[in-house]
1. So which of 43, 75, 54 ends up being under 29 Å from residue 175 (Cα atoms) and in contact with a helix residue (DSSP H, G or I) (Cβ under 9 Å, 6 or more places away or on another chain)?
2. Name the residues in the stretch 75-92 that are part of a helix (DSSP H, G or I) and buried (at least 19 other Cβ atoms within 10 Å of the Cβ), would you?
3. Take the stretch 42-57 and flag every residue that is modelled with pLDDT under 95 and surrounded by fewer than 21 Cβ atoms within 10 Å (Cβ to Cβ).
4. Does residue 104 fit the bill of being in the same structural domain as residue 271 (by TED's automatic domain parsing), assigned to a helix (DSSP H, G or I) and within 19 Å of residue 281 (Cβ to Cβ)?
5. Quick one: which residue in 188, 177 is under 17 Å from the mean Cα position of the chain (by Cα) and either under 28 Å from residue 297 (Cβ atoms) or buried (at least 24 other Cβ atoms within 10 Å of the Cβ) (or both)?
6. Any idea which residue in the stretch 61-71 is modelled with the lowest pLDDT, counting only those that are more than 10 Å from residue 31 (Cα to Cα) and outside any strand (DSSP E or B)?
7. Looking at the structure I just gave you, is residue 58 in contact (Cβ under 8 Å) with a residue 24 or more places away in the chain and outside the structural domain of residue 231 (by TED's automatic domain parsing)?
8. Just one of (1) touching a residue at least 12 places away in the same chain (Cβ under 8 Å); (2) closer than 27 Å to residue 102 by Cβ trips up residue 182, so point out which.
């Protein structure tokens, strides 16, 4: 009886010890702060974690991740960044546009930062140079702003009769919106097109913008390169289809749900590279010495089924250049 009691006591002690050991292991894990301007996105997180895995880090096993999502409310970003700084994380990954990176930079000059931005990080003041960032930040530049002219050219090639193009931007991301408007106006002037700007930063405002489009009937729609418009991709594709309006997007995800065409960087690959850089920093490399990664592969994706619904004949030359054609 005594032996059985002692055995049960030992089992009870082990049951207590195992959770304590697990908690101790978690307490010693490095913690990554992850700040994004939009809503939780499983595909983006999966890509980021794949990049970490490539360097040998697995969430929950030898690294922890604290996620913060601003839900497309830029005013929340400074508080969320400050929260991660107080959490004393090992580094902060700032994604979903320029604003998260700037918020984190304002919150800390010591904790390493890995950003993902579509604008020039030197002009933004995030790094001293692309080759040698020099401070506590480095990351990925995926050139969304610089692709505006090319995207408008491709849209004109697909819809050669177009003369009036509506440009939809998110005013909550003012820097990106201004860059898109200027780029579209300059490119439109060169192509002999007229543009009109519409704004939307909520689902309701997207509906209001399309009510305006229904009244004015432009020949095509150019949707700005903003993470918010990727999150609202189903709404945008559905409303464009109802109006029979050819639309160009920056992200392939918009085309996968019925949008007409996209041209831009593979954003999931950029998130994977964010994860890779985060892992390298955890292993001891310094942001100051890690060059900013510049995207070099841009994808043209065309939804051929949507083109047929819109009674558009896709030029064979455009089909031949497409990285993917969705039937």
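1. Result: 43 is the single residue among 43, 75, 54 that is under 29 Å from residue 175 (Cα atoms) and in contact with a helix residue (DSSP H, G or I) (Cβ under 9 Å, 6 or more places away or on another chain).
2. Scanning the stretch 75-92 gives 77, 80, 81, 84.
3. 42, 43
4. yes
5. Just a single option satisfies the conditions, and that option is 177.
6. Among residues in the stretch 61-71 that are more than 10 Å from residue 31 (Cα to Cα) and outside any strand (DSSP E or B), the one modelled with the lowest pLDDT is 71.
7. So residue 58 fails the test.
8. Among (1) touching a residue at least 12 places away in the same chain (Cβ under 8 Å); (2) closer than 27 Å to residue 102 by Cβ, the lone unmet condition for residue 182 is (1).
The values are calculated or read from the model by the stated rules, or taken from the named source; none is laboratory data. These numbers come from a predicted model, not from an experiment. Using ideal geometry, Cβ is built from the backbone for each residue, glycine included, and neighbour counts are taken over all protein chains shown.
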